[in-house]
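The values are calculated or read from the model by the stated rules, or taken from the named source; none is laboratory data. Since the model is a prediction, treat every value here as computed from it, not as a measurement. Here the Cβ positions follow ideal geometry from the backbone for every residue, glycine too, while neighbour counts run over all protein chains shown.
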Amino acid sequence: MRIGQGFDAHAFRAGGRLVLGGVQIPWESSLEAHSDGDVVLHAVCDALLGAAGLGDIGRHFPPSDPTYRGIDSRLLLRRSLELVAGESYRVANVDITIIAQAPRLAPYVETMREHIAADLQVSTRQVNVKATTTEHLGFTGREEGIAALAVILLDG
């Protein structure tokens, strides 16, 4: 068994689409990023790759490569899973925490779980997503951006 952790954070920018956990969230801002800015899936990719000892998302999908400009992070997650499966690992479970003062994410958590489970080829029972605030502390509390943490367990 292998454990990996992932973290990502992005600042808000005016306009665009806010995508978290593969779900488009109605909001007046998007997240500044080279890809679609999905901090949830970026954290999961880092946890997945880290658990398998394969580095991180930036190593495999560098922001300097125009191929990944605006890419759907669900594609990055599926590709990360392929890399991990190539090392003979499979996902046992993943636990994700989204840190955001706004927008309110509870209505979207179940759909996020479904998307992540589908992309990781596991049951939704193996995927946990929760959202929390920082009670107005720090950059997330000031509504300047969103952060996400992920922990994953792989069986080998």
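A few points about this structure:
- Hey, R125 modelled with pLDDT of 95 or more, part of a helix (DSSP H, G or I), in contact with a Leu (Cβ under 7 Å, 6 or more places away or on another chain) and not aliphatic (A, V, I, L, M) or not: no
- Residue within segment 84-99 that is crowded, with 17+ Cβ neighbours inside 10 Å and farther than 30 Å from G156 by Cα present: yes
- Of L75, L54, all but one fail to be closer than 12 Å to G22 by Cβ, of a type in the set (A, V, I, L, M, F, W, C) and out of contact with any strand residue (DSSP E or B) (no Cβ under 6 Å at 6 or more places or on another chain); the exception is L75.
- The strands (runs of 3 or more DSSP E) located wholly in segment 1-111 that include 3 or more residues which are aliphatic (A, V, I, L, M) occupy 2-14, 18-20, 90-99.
- Among the residues of segment 100-144, those identified as surrounded by fewer than 17 Cβ atoms within 10 Å (Cβ to Cβ), closer than 20 Å to W27 by Cα and touching a residue at least 40 places away in the same chain (Cβ under 8 Å) are A102, T111, F139, G141, R142, E143, E144.
- So P62, is it more than 19 Å from R2 (Cα to Cα) and either buried (at least 23 other Cβ atoms within 10 Å of the Cβ) or without any contact (Cβ under 8 Å) to a residue 24 or more places away in the chain (or both): yes
- Contacts under 9 angstrom Cβ, first residue in segment 25-41 being surrounded by 22 or more Cβ atoms within 10 Å (Cβ to Cβ), partner assigned to a loop (DSSP other than H, G, I, E, B) and among the β-branched types (V, I, T), 6 or more apart: D36/I71
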